[in-house]
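Notes to accompany the following structure.
The values are calculated or read from the model by the stated rules, or taken from the named source; none is laboratory data. Computed from a prediction, not measured in an experiment: that's the story for all the values here. Note that we place each Cβ from the backbone using ideal geometry, even for glycine, and neighbour counts take in every protein chain shown.
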Amino acid sequence: MKILVTGAAGFIGSRLLHDLAARGDEVVGIDNINDYYDVRLKFGRLASNGFIGHITPGAEIRSTVYPNARFIQCGIDDKPAIDALFARERFDRVVNLAAQAGVRYSITNPYAYLQSNLVGFLNILEACRHNGVAHLVYASSSSVYGLNEKVPYSEEDKVDSPVSLYAASKKSNELMAHAYSKLYNLPATGLRYFTVYGPWGRPDMSPMLFASAISRGEAINVFNGGDMIRDFTYIDDIVEGTVRVLDKVPSGDEHGVPCRVFNIGCSHPVRLMDFISEIERAMGREAKKNFLPMQAGDVYQTNADTSLLEREVGYKPHWGLREGIAEFMKWYKSELNPLR
């Protein structure tokens, strides 16, 4: 199959491109390589997939590792470029992982989320509609559950109480995808990703923040006094589940609409202090802790019910927290980490 992966310089996107190319699919990756966080990490991910050399906007570069993989620096909010790309390539399937990420960042930079997560996603929907894409898989988020206090979170739960603009934009994506599925018979599957960690993870997420601070002897910020729970999920499990979903095109639901939404997480939530303990164990030193109140836009806990995804595609996470943190720390300490 010919597959487009947007957000291909991102944490999940870079690993997904790797796995799809390794199994023999023809893969095109795009990313705008914005400076929301240190671009050295993004270029490092691209290099790990064989995209080596000078990368310029609009220019195509072929992987030195996978001859069936190409990369183009391009943002999904660039409608003319997206339209031309889809018309030229005629993709079979699309995985849209490009988005302005970060819950807290949305408090101070709201317009970035509207441009990428809404306008950009609309461009992807329109391009899929007009170019015969057989299946669109797109990233939603566990943040859509917002103020929902019932746990574990189920796909049947109401998600109409977001606590951040980021969460609202992801819920909007689900509604937009459903409308396009209904109007144009576009098969679409949304994945509500729960907290993902592992090698090449984002530097604004807790594993990288904690490891970086501890290694420098600095205090880590622990919000809500450490009383938080997260469904930490290792990157390998996330990507395997995404590939399984990509390979299964949804048929019509009870209303005949070929649109689905799934939770994808570990289903074994961990207390934040226990997560910090595993980081300390792997680093061989105790963290200095700066206990702070809950941040605006944060929620107390996330906990995924993934039984629907297990029934539908056989998804079952395999990585435990201790082994996952060990792999993350091995990468963090290695020369592969450009931020070390």
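Quick notes
- Being touching a strand residue (DSSP E or B) at 6+ places or on another chain (Cβ under 8 Å), within 24 Å of ALA134 (Cβ to Cβ) and either basic (Lys, Arg) or surrounded by fewer than 23 Cβ atoms within 10 Å (Cβ to Cβ) (or both) is a description that applies to ARG93.
- For the stretch 261-282, a tally of residues being at pLDDT below 90 and hydrophobic (A, V, I, L, M, F, W, C) returns 1.
- Among the candidates ILE33, ILE76, ILE55, the residue that is closer than 25 Å to ASN117 by Cβ, at pLDDT 95 or above, surrounded by fewer than 20 Cβ atoms within 10 Å (Cβ to Cβ) and of a type in the set (A, V, I, L, M, F, W, C) is uniquely ILE33.
- In the stretch 234-242 there is no residue that is over 25 Å from GLY314 (Cβ atoms), of a type in the set (Val, Ile, Thr) and buried (at least 17 other Cβ atoms within 10 Å of the Cβ).
- VAL151 vs. criteria modelled with pLDDT under 95, within 24 Å of TYR111 (Cβ to Cβ) and surrounded by 15 or more Cβ atoms within 10 Å (Cβ to Cβ): no
- Of the strands (runs of 3 or more DSSP E) lying entirely inside the stretch 134-232, those containing at least 2 residues that are under 30 Å from ARG285 (Cβ atoms) are 219-223.
- Scanning the stretch 281-300 for residues that are touching a residue at least 60 places away in the same chain (Cβ under 8 Å) and surrounded by 17 or more Cβ atoms within 10 Å (Cβ to Cβ) returns MET283, ALA287, GLY297, VAL299.
- Residue satisfying all of: in the stretch 9-30; among the hydrophobic types (A, V, I, L, M, F, W, C) and within 15 Å of VAL243 (Cβ to Cβ); surrounded by the most Cβ atoms within 10 Å (Cβ to Cβ) among these: LEU17
- ALA168 vs. criteria surrounded by 17 or more Cβ atoms within 10 Å (Cβ to Cβ), closer than 22 Å to ARG104 by Cβ and free of Cβ contacts under 8 Å to residues at least 24 places away in the same chain: yes
- With respect to the conditions (1) within 15 Å of CYS259 (Cβ to Cβ); (2) in contact with a Phe, Trp or Tyr (Cβ under 7 Å, 6 or more places away or on another chain); (3) of a type outside the set (Phe, Trp, Tyr); (4) buried (at least 18 other Cβ atoms within 10 Å of the Cβ), SER181 lacks only one, and its number is (2).
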